[in-house]
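To start, the structure under review is shown below, and the notes come after it.
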Amino acid sequence: MIDRPELAAFLRQRRESLQPEDIGLPRGQRRRTQGLRREEVAELCHMSTDYYARLERGTGPAPSAQMIASIAQGLHLSLDERDYVFRLAGHTPPMRGASSEHVSPGLLRIMDRLHDTPAEVLSELGETLRQTPLGVALTGDASLRTGPNRSLGYRWFTDPAAQQSYPAQERALLSRAYASGLREIVARRGPDSTAAHLSAELLEVSEEFRILWAKREVGVQPPESKRFLHPTAGMLQLNCQTLLDPEQAHRLLVYTAVPGSDSHAKLELLAVVGTQVLS
């Protein structure tokens, strides 16, 4: 059963304790609201301000599990706080660990400060869970992908467009690295894991994957310096820094270019035009 009064009080208290600086917003001189405004939280949670306000007043409809997941992420809740909100709303909390898509508050706080930097949070299967605006401009809008296509490793072997974004001379090594990495995840998570089901599906649909899987390679690493063949900006050579959340097996990838380089200038251009097509 949903506990409307406690859910409303908890959401209100968490909103008031979350500061603009926590999500990368300027405070402004005229801000009088304690914490964030309802419309700011609603935008973070991808819902209407009216819907969120009704939840805080305890008068809204019973929120779905998907809505609660969005609220938990938008309010930067910890896993314990997320589970508490799920129970208040009458839902069973999602599983924790590698299968969880709840990004930790720590990683979100870092991402919120990377407006001018391409960055993304990935699951261990290469599913993009969060992106900065410049990350979207660099690698595409991950929110449009569904099902197995959310995994870059799956797209790599099933969608020719995925490989076109990387230099031709590096694709063979990247193919080996994706197959090797998936093999290691299957061994770690077991035969009934999502990784195992993903590998089984790839064995059915991709000849390239079948050949590499039969070689049983492990430990193959991609190049340290990543090169992206952007459809409009051209070739970019970027350094990739990785921050790992071991509890959730999530990785925050931050891409940077050497100051003054051609790639640095192209990133600055992408920051201006975003996902628009360049003439």
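Which members of the range 140-165 meet the condition of being aliphatic (A, V, I, L, M), within 15 Å of the chain's Cα centre (by Cα) and exposed (fewer than 14 other Cβ atoms within 10 Å of the Cβ)?
Hit for the range 140-165 is L144, nothing else.
Of V85, V121, which residue is out of contact with any Cys (no Cβ under 6 Å at 6 or more places or on another chain), touching a residue at least 60 places away in the same chain (Cβ under 8 Å) and assigned to a strand (DSSP E or B)? The unique qualifying residue is V121.
A count restricted to the range 136-170 and to residues that are closer than 23 Å to L44 by Cα, assigned to a helix (DSSP H, G or I), in contact (Cβ under 8 Å) with a residue 40 or more places away in the chain and not hydrophobic (A, V, I, L, M, F, W, C) stands at 1. Can you find a residue in the range 28-36 that is buried (at least 17 other Cβ atoms within 10 Å of the Cβ) and in contact with a helix residue (DSSP H, G or I) (Cβ under 8 Å, 6 or more places away or on another chain)? Looking through the range 28-36, at least one residue is buried (at least 17 other Cβ atoms within 10 Å of the Cβ) and in contact with a helix residue (DSSP H, G or I) (Cβ under 8 Å, 6 or more places away or on another chain).
Considering E127, E120, the condition of being in contact with a Lys or Arg (Cβ under 6 Å, 6 or more places away or on another chain) and either buried (at least 18 other Cβ atoms within 10 Å of the Cβ) or assigned by TED's automatic domain parsing to the domain that holds R251 (or both) is satisfied by E127 alone. Per the conditions (1) in a strand (DSSP E or B); (2) in contact (Cβ under 8 Å) with a residue 24 or more places away in the chain, the sole criterion not satisfied by P222 is (1).
Restricting attention to the range 1-36, which residues are part of a helix (DSSP H, G or I) and in contact (Cβ under 8 Å) with a residue 60 or more places away in the chain?
E6, L7, F10, L11, R14, R15, D22, I23
Taken over the range 215-250, the criterion of being under 30 Å from L269 (Cβ atoms), touching a helix residue (DSSP H, G or I) at 6+ places or on another chain (Cβ under 8 Å) and of a type in the set (K, R) is satisfied by R227 alone. Here A137 clears all of (1) surrounded by 20 or more Cβ atoms within 10 Å (Cβ to Cβ); (2) modelled with pLDDT of 95 or more except the condition numbered (2).
The requirement of being touching a residue at least 40 places away in the same chain (Cβ under 8 Å), closer than 17 Å to P5 by Cα, outside the structural domain of A249 (by TED's automatic domain parsing) and small (G, A, S) is satisfied by G58. The number of residues in the range 236-272 being surrounded by fewer than 13 Cβ atoms within 10 Å (Cβ to Cβ) and in contact with a Ser or Thr (Cβ under 8 Å, 6 or more places away or on another chain) comes to 2. Among the residues making up the range 106-118, a single one is more than 11 Å from L252 (Cα to Cα) and in a helix (DSSP H, G or I): R109. Considering the range 201-214, the residues that are of a type outside the set (A, V, I, L, M, F, W, C) and surrounded by fewer than 12 Cβ atoms within 10 Å (Cβ to Cβ) include one that is farthest from L174 (Cα to Cα), namely E204. When every residue of the range 192-201 is checked against the conditions, at least one turns out to be touching a Lys or Arg at 6+ places or on another chain (Cβ under 6 Å), over 19 Å from T132 (Cα atoms) and not in a loop (DSSP other than H, G, I, E, B).
The values are calculated or read from the model by the stated rules, or taken from the named source; none is laboratory data. All of these numbers come straight from a predicted model, not from anything done at the bench. Reconstructed Cβ throughout: ideal geometry from the backbone, glycine too, with neighbour counts over all protein chains shown.
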